[in-house]
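As structure tokens, the structure follows; a few thoughts come after it.
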Amino acid sequence: MKRGEWFKKITHAGIINTADSSSNRGIILSNQIVIFLIPLLLFSIVLEYNIQDFALMMSFVVLVPFLLFIYFLNSTYHIRISRYLLSTGPNLIILIVILMVGDIQSGNYLGLPLAFIGLSFFAVLLFDFQSERALLIYASMINLIILLTFDLWLDMFGKNEVNIDLIRDNYLLYKSTHVLLWMTISFCILFLKRLNHQFELRLQKQNVELKNISDEILAQNEEIVSQNKELHQQQEQILKQKQFIEDQNVELKHKEEAFSKSLQSIRDAQKELAKKEAESRSILNALKDHFIVIEYDLKGKVHFVNETLLRASGITKDHIITNSIGNKFKDRQFQNQGKGHSFNTEMEFETEKGRYCINATHAPIFDEFGKVDRILAIGFDVQLNAGRPKGVWLLANV
């Protein structure tokens, strides 16, 4: 253990963390006084023994266990009793022991006032002028009385008569000097303690302000930590959203590539369809130029006829379109036509020139839903026929 730690452990004996700071400071100061006086007294005992002043030596011997008792009281937190005893006890012990033993040397006798003055300052040091003023005054009065009357007590009860004779002629001047010295030092100590008290109050106020500032800083730090945490969460959310957007972009890119492929396929299909449509249109145009073409719906209404039929029959296009296919629509083959089947049959119609018979192939035309929408009849031959063969279809009302 280091020397500073060892000294702190001894001087802080009896400190209670829950006690007020003034009580703890009183314990520390009292222990420091005890630790300072005991070695000094031991040295003085040896010195007085060498000069054969047994009265003062015995008073110092008695003071050593007294100070140890003070330290014990401090350790057990009897701070008020220990401070009161320490502030008045040393002067009383020295005076009583000298009265009991007597035979003090004249040199030591002249130094007694300084010893009493020095020991009386313990009261000023140990008690607070603001909160313990009564104890301070009481202890100071006891020490002042001892300082003013110790030589009278020694003159009346001491064994040597040299004491009072040394200062009998100028007694009042002698005592006034002691009192003035005691008052001067006491007031200086009180003034310094007052300054220290004001400094402590100011320091406490500043500590309170610093604590408030520290609390505000801690609150701001907590708020900043909370904001940082929230910001971190937002950053994580943004990163998740960014990752989600990137995934969406990748997926969109894949869809775009698939769409591009589909669009290219559609374009290719359109080109193929246009090609086939052109081929079909060429074939249809060829059919229209060389064959008879009739387009009608499932109700028998004619929607389209080509010029070949019109030239062969000699009737108008509007006249044919405004009429319909005859009753043979209910023929079994035509019912199959509604189901999407193609078949061959003959169609017959009458004109002013006579009755014409057409050998035709009927093929279904589907809509976008795959259902039969219309029927395309392509005739391969037109003949004038006097009879009406069984199974032919009539173009009614022509």
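The values are calculated or read from the model by the stated rules, or taken from the named source; none is laboratory data. Note that the coordinates shown come from a computational prediction; the quantities given were computed from them, not determined experimentally. Backbone-built Cβ (ideal geometry, glycine too); neighbour counts: all protein chains shown.
Would you call Tyr49 of a type in the set (Phe, Trp, Tyr) and touching a Leu at 6+ places or on another chain (Cβ under 8 Å)? Before you say what the answer is, go through the steps one by one.
Working: of a type in the set (Phe, Trp, Tyr): yes; touching a Leu at 6+ places or on another chain (Cβ under 8 Å): no.
Criteria not met by Tyr49.
Taken over the range 355-398, the criterion of being assigned to a strand (DSSP E or B) and at pLDDT below 50 is satisfied by Trp393, Leu394, Leu395.
Of Ile15, Ile27, which residue is at pLDDT below 85 and part of a helix (DSSP H, G or I)? Spell out the reasoning first.
On the way: Ile15 fails: part of a helix (DSSP H, G or I).
Result of the check over Ile15, Ile27: Ile27.
If you take the residues in the range 30-51 that are surrounded by fewer than 17 Cβ atoms within 10 Å (Cβ to Cβ) and touching a residue at least 24 places away in the same chain (Cβ under 8 Å), which one is nearest to the chain's Cα centre (by Cα)? Looking at residues that are surrounded by fewer than 17 Cβ atoms within 10 Å (Cβ to Cβ) and touching a residue at least 24 places away in the same chain (Cβ under 8 Å), I get Ile35. Residues in the range 42-79 that are hydroxyl-bearing (Ser, Thr, Tyr) and part of a helix (DSSP H, G or I) were compared, and the one that is farthest from Ile10 (Cα to Cα) is Tyr49.
The C-beta contact set for the range 172-192 (first residue within 17 Å of Ser131 (Cα to Cα) and touching a residue at least 60 places away in the same chain (Cβ under 8 Å), second residue part of a helix (DSSP H, G or I) and among the β-branched types (Val, Ile, Thr), distance under 7 angstrom, 6+ apart or interchain) comprises Ile189/Val124; Leu190/Val124.
Do the conditions hold for Asp128, that is, is it part of a helix (DSSP H, G or I), of a type in the set (Asp, Glu), surrounded by 13 or more Cβ atoms within 10 Å (Cβ to Cβ) and at pLDDT 75 or above? No, not satisfied.
Tell me, please, whether a residue that is of a type in the set (Lys, Arg) and modelled with pLDDT under 80 can be found in the range 157-164. The answer is yes, given that some residue of the range 157-164 is of a type in the set (Lys, Arg) and modelled with pLDDT under 80.
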